[in-house]
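For reference, the structure discussed in these notes is given below.
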Amino acid sequence: MKPYISQAIESNSCGAHSIAYYLWETNKSQFINDKIFVANIHKKIQVGTNAIGIPEVYASPEKISEELSNSWHSHSYTCLLSNSPLLPIAKGLNISFKNINVLDKVKSGANQYAIIISSIGRQSPLLHYMLIKYENSSFKLLDSLYNLDHTTFQVLDSPYSQDHVVWENFSLEANSKLTLDRDSAYYYTGAGIIIE
């Protein structure tokens, strides 16, 4: 598999990249590694004006679900566990959701792909979308911020500065931390989008 493109840190386009990775993985789009294609998706899924102070350019999980369902015929829906730290945000943005653990649903084989929402840091407001799947008894993810140093929040030098997004194995620790084969400050928030 050829590596996929990564995102610029300041672009806030991880939701769009997750959609694009799914479309490329399933051959629903031939615009592979096309940054304009990703940018156009990003414009459609932004939160927009809201009363709770979320930056307008952040991706909305509800709009990600709508984009996948309506534009790409991939029925999708937002999931949020009742103990998720994102519950106040979902309520503030009036997002409808199902109380389903995305990781459990994918692991059971009920769905091949999903997009999870993680935080970068345990109690951090910095959120990040990643496409996941469960294959060969392992969770795998595509991380559009593969080249981000989670300690300094700076882009790493070569070879990571190259577009090098590939499937990476991960596991979930008891404290919701995602463990990868590289340094990671990702924590599962109990939220995501199931893609059917």
>> Full-extension gain between Ser11 and Glu135, please, as 0.36 nm times their residue separation minus the C-alpha to C-alpha distance.
In response: 41.6 nm
> Which value at 222 nm does the chain reach when only helices count, each DSSP H run of 4 or more adding -39,500 (n - 2.57), with the total divided by all residues and rounded to the nearest 500 deg cm²/dmol?
Replying inline: -5500 deg cm²/dmol
>> Quick check for you: which residues of region 86-120 have the amide N under 15 Å from the point 7 Å beyond the Cα of Asn40 toward its beta carbon?
In response: none
>> Below 13 Å, Cα to Cα, which aspartates and glutamates can Lys107 reach? Residues fewer than 8 away in the same chain don't count.
In response: Glu135
> Of Lys98/Lys133; Lys2/Lys98; Lys43/Lys91, which ones are farther than 26 Å apart at the Cα?
Replying inline: Lys2/Lys98
>> Can you compute the modelled spin-label distance between Gln112 and Glu196, with each label point 7 Å from Cα toward Cβ, in nm?
In response: 1.7
> Relative contact order for the chain using alpha-carbon pairs under 8 Å, separation at least 6, rounded to a whole percent?
Replying inline: 26
>> Quick check: at a probe of 1.4 Å, how many percent of the accessible area of the chain sits on carbon and sulfur atoms?
In response: 50
>> What does the charge count around Tyr134 come to, taking other residues whose C-beta lies under 13 Å from its C-beta (Lys +1, Arg +1, Asp -1, Glu -1)?
In response: +2
> With labels modelled as points extended 7 Å from the Cα through the Cβ direction, what inter-label distance (nm, one decimal) is found for Asn99 paired with Glu173?
Replying inline: 2.9
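I need the calculated FRET efficiency for the pair Leu126 and Asn27, taking r as the beta carbon distance and R₀ as 41 Å, to the nearest 0.05. It would help to have the intermediate numbers written out before the result.
Working: r = 32 Å, r/R0 = 0.78.
Given R0 = 41 Å and the Cβ-Cβ separation, E is 0.80.
Can you tell me what the convex hull of the Cα atoms of region 21-115 projects to on average, as an area in nm²? Mind dumping the intermediate values first?
Numbers: hull surface 26.9 nm².
Its average projected convex-hull area is 6.7 nm².
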> Gaussian network model of the chain, Cα springs within a sub-10 Å range: biggest mean-square fluctuation belongs to which of His42, His75, His17?
Replying inline: His75
> If you roll a 1.4 Å probe over the heavy atoms of the protein chains, what accessible area per residue do you get for the chain, in Å²?
Replying inline: 49
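The values are calculated or read from the model by the stated rules, or taken from the named source; none is laboratory data. What you see is a predicted model; the values in this text were computed from it and never measured. So basically every Cβ, Gly included, is an ideal-geometry build from the backbone, and we count neighbours across all protein chains shown. Protein only, heavy atoms only, side chains kept; ligands, DNA and RNA dropped before computing areas. Shrake-Rupley method; radii C 1.70, N 1.55, O 1.52, S 1.80 Å.
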